[in-house]
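In what follows, a structure is listed as structure tokens, so that the remarks can point back to it.
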Amino acid sequence: MSLSIDDLKCHNLILLDTISGSKAYGLDTPESDTDTRGVFILPQELFFGFHYVDQVNSERNDHVYYEVGKYLKLLAKNNPACIELLFAPQDMVIFRHPLMDRIKPEFIMSHLCRESFAGYALMQVKRARGLNKKIFNPVSTDLPLPIDCCHVIQADKTIPAKQWLSEHDMVAEYCGLTALPHVRDGYALFYADDCELGQVRFNGLFRSDQGKSQDVCLSSIPKGMLPRAWLVFNKDEYSRRLRDYHEYRNWEQSRNQERYQGTLEHGGGYDAKNLMHTFRLLRMAKEIADTGRPQIRRPDRDELLAIKAGRFAYEDLMAQAASELESIEEGFALSKLQVEPDVGQIERWAIEIRKAWYP
């Protein structure tokens, strides 16, 4: 059985309903949408039956509601999105049931926030670095071919197999290979026209399904035939190129085109919106270490919006993020927060809220 957000509202199942996202942070612009986030409770028959629903959200995930059991479990892990609900600015609260007053922050906030806030922010920094690499190091649209990673040994050097074949007026399809003993990915290369017994057919260097096959083809070589050259196939390099090619193509298909175009326009080579939220999370982590609670409505709005606008150099932002992470480590080292949330108390809230709600 599925539930919609309209079902939650129609049957008065919502315990907490808030405006979230950029408007809650004070980072909204005239183009910003209104996101909502909240908590609901299941009807008793669904909770006790086979159709437990732990979350209801819109198709674009701009409206998300957690069932109270899931919400409390996430609080027990110091989940950032759920902690933000706990400290939602009063003017962002659409509705709050008195039962939510049972949930007390002092039993929840802990050193786990160091990982849940700052750790997530660090992951976003890594994503930003990955995006920077993709933008400034695009992968060719040409599918990598195994022969691109083959070299022929010539005296004291190697030359690309393509070049060697071209210089000798040869084609890959007429080549035959046999493995060289004791040489990893090394082969003796023969050519069909060299056979004195008449025209023979070799299997070529690679199968015709290039891009799927990741190894060379071996051929049966007539007795007494001498190799033309020694060939080395760098199989690891070919696998890496093929992996990079497919990862880049998948990234092209799945990336947020609007945000990607914004990245290109500001020229910084990073997802500016992503990095804005990275610094928001870093600052919230530091606030939790120092005061035990995050500031949802951001006092650093202007700076964060400047990051979103791409007004800082990528290298400067990475250096600043490293500095703020170091400050967070120092803050939690001195913090008087409990080491972990009081899971037993949080579980008791779940029981108390359900007992008070269900007849």
Look through segment 136-180, keep the residues that are among the aromatic types (Phe, Trp, Tyr) and closer than 27 Å to LYS223 by Cα, and return whichever of them is surrounded by the most Cβ atoms within 10 Å (Cβ to Cβ).
TRP164
Which of the residues that make up segment 268-325 are closer than 23 Å to GLU84 by Cβ, within 21 Å of the chain's Cα centre (by Cα) and of a type in the set (D, E, K, R)?
ASP271, LYS273, ARG280, LYS308
Given the conditions (1) at pLDDT below 95; (2) surrounded by 14 or more Cβ atoms within 10 Å (Cβ to Cβ); (3) of a type in the set (A, V, I, L, M, F, W, C), which single one is not true for MET92?
(1)
Could you list, ordered by first residue, the pairs with Cβ atoms under 6 Å in which the first is in segment 112-129 and assigned to a helix (DSSP H, G or I) and the second is aromatic (Phe, Trp, Tyr) and modelled with pLDDT of 80 or more, at least 6 apart or interchain?
ARG114/PHE332
Limited to segment 56-69, what total is found for residues that are touching a helix residue (DSSP H, G or I) at 6+ places or on another chain (Cβ under 9 Å) and either on the phi > 0 side of the Ramachandran plot or not small (Gly, Ala, Ser) (or both)?
8
Scanning segment 1-19 residue by residue, those assigned to a helix (DSSP H, G or I) and β-branched (Val, Ile, Thr) turn out to be ILE5
Is it the case that some residue within segment 33-42 is modelled with pLDDT under 95, loosely packed, with under 13 Cβ neighbours inside 10 Å and over 19 Å from MET92 (Cα atoms)?
no
Note: among ASP316, ASP302, ASP342, just one is surrounded by fewer than 17 Cβ atoms within 10 Å (Cβ to Cβ) and in contact with a helix residue (DSSP H, G or I) (Cβ under 9 Å, 6 or more places away or on another chain), namely ASP342
Identify the residue in segment 47-100 that is among the aliphatic types (A, V, I, L, M) and more than 28 Å from GLN338 (Cβ to Cβ) and, among all such residues, is farthest from the chain's Cα centre (by Cα).
ILE94
Residue ranges of helices (runs of 4 or more DSSP H) in segment 20-101 with at least 3 members closer than 21 Å to PHE117 by Cβ and not acidic (Asp, Glu)
22-25, 68-75, 80-86
Search result, residues across segment 83-100 that are touching a helix residue (DSSP H, G or I) at 6+ places or on another chain (Cβ under 9 Å) and either among the β-branched types (Val, Ile, Thr) or closer than 16 Å to ALA121 by Cα (or both)
ILE83, GLU84
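The values are calculated or read from the model by the stated rules, or taken from the named source; none is laboratory data. These numbers come from a predicted model, not from an experiment. For neighbour counting, all protein chains shown are included, and Cβ atoms are generated from backbone atoms with ideal geometry for every residue, glycine included.
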